[in-house]
Amino acid sequence: MSKVVVLTGAGGVLCSTMAKAFAQQGHKIAVLDLKKESADKVANDIVSEGGTAIGIASNVLEVESLKLAKQEINEKLGLCDILINGAGGNHPLGTTTNPHLLEEDMDNKIEGFKTFFDLDPAGIKFVFDLNFIGTLLPTQVFAKDMVGRTGCSVLNISSMNAYTPLTKIPAYSAAKAAVSNFTQWLAVHLSKVGVRVNALAPGFFLTEQNRALLTNPDGSLTQRGQQIIDQTPMGRYGKPEDLVSTTLFLCDDNSSFVTGVVIPIDGGFSAYSGV
Ligand code: NAD
């Protein structure tokens, strides 16, 4: 049965791939992104391949913008059946320069050098808002369509950082831990009204938001990029397509008893102790 699938952050690398995969299954797709041109490009790609999609500019941090998007989706496609909360990311202001604090760092006066003690609350808040509030608000707006119907679900995007935080990115790690926790909370809260809530915990995928941290300008891996590969038993980064089968599985009607789970898709990263 054709469903209405709403994806936030779907102009981005991972969720555009999911959007196209849902379209190939015959579903109607609402591609939401802060950047209208990114949303339109993905929607146009889907339409040019024979699918049904609309691109909508929508900010996951502004309820009014989400409500306007919902109104347009309801008019053009119908009630929302599936919501993928894909918008998310990190920010340099929520990131320390080095993985570990050394005593001499306390006197480091280099412009831009940041220890834990220098982290800007505004940067921390930006990252918390984008990942956590940016998951909560779209769910408040779109899951209203799902209450009391069948075959509806929400899929959140957590991260490896939710299990064990990566060095340097405390805000992103804690925000994704909140997303995993919220996934379980909401699964319980909505369990009596027919709405399932699950999450993916992707490992490491090379995208625009982490490329500079993981690769050098010549394409070779940074020290951090190499550390990740060394900690990934499969020895490679994920490809966006690696997320597709689990995404479709979690949102499928045949998964009707699956709710409150967070599934790692990480080439074994979370299973490996490093020894
Ligand atoms: P991406 O940067 O390619 O896509 C994110 C998209 O979100 C962008 O198109 C951006 O315009 C949009 N966006 C940003 N702020 C927004 C806002 N306020 N409202 C609406 N849209 C907004 O990133 P990606 O790698 O495709 O990430 C998708 C999700 O997967 C994110 O939640 C990310 O944290 C998560 N994730 C990524 C990785 C990885 O390795 N890339 C790993 C684990 C989890």
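What follows is calculated from the coordinates using simple rules that are stated; it is not laboratory data. No experiment lies behind these values; they were computed from the predicted model shown. Virtual Cβ from ideal backbone geometry, glycine too; neighbours counted across all protein chains shown.
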* To do: Could you calculate the contour length gain from GLU49 to VAL275, that is, 0.36 nm times the residue separation minus the distance between their Cα atoms, to one decimal place in nm?
  => 76.7 nm
* Asked: If each residue's Cβ is checked for other Cβ atoms within 10 Å, how do VAL13, VAL6, VAL193 rank with the fewest at the top?
  -> VAL193, VAL13, VAL6
* To do: May I ask for the net charge around PHE22, where only other residues with Cβ less than 15 Å from the Cβ of PHE22 are counted and Lys, Arg are +1 while Asp, Glu are -1?
  => -3
* Asked: the range 87-107 to the range 176-190: how many Å between their Cα centroids?
  -> 27
* Asked: How much length, in nm to one decimal, is gained on full extension between TRP185 and THR164, taken as 0.36 nm per residue of separation minus their Cα-Cα distance?
  -> 5.6 nm
* Would you calculate the separation in nanometres between label points at GLU103 and PHE116, each defined as 7 Å from the Cα along the Cα-to-beta-carbon direction? => 1.7
* Kyte-Doolittle at least -0.5, axis length at least 27 Å by Cα - qualifying DSSP helices, the chain -> 170-189
* 32 Å tail of the calculated P(r), the chain, as % of Cα pairs -> 24
* Pulled fully out, how much extra length does the chain show between GLN227 and GLU208, if you take 0.36 nm times their separation in residues and subtract their Cα-Cα distance? -> 4.9 nm
* Structure fact -> With DSSP loop assignment and no more than 12 other C-beta atoms within 10 Å, the trypsin sites (Lys or Arg not before Pro) in the range 152-222 are LYS192
* To do: Let me have the 222 nm mean residue ellipticity of the chain computed from DSSP H runs of 4+ only, each contributing -39500 (n - 2.57), with the sum over all residues rounded to the nearest 500.
  => -10500 deg cm²/dmol
* Structure fact -> Proxy exposure order for HIS27, HIS91, HIS189, HIS100 (fewest C-beta within 10 Å first) is HIS100, HIS189, HIS91, HIS27
* Asked: How large is ³J(HN,Hα) for each residue in the range 53-62, as worked out from phi by the Karplus curve 6.51 cos²θ - 1.76 cosθ + 1.60 (θ = phi - 60°), to whole Hz, x for Gly and Pro?
  -> 7, 10, x, 9, 6, 8, 9, 5, 9, 10
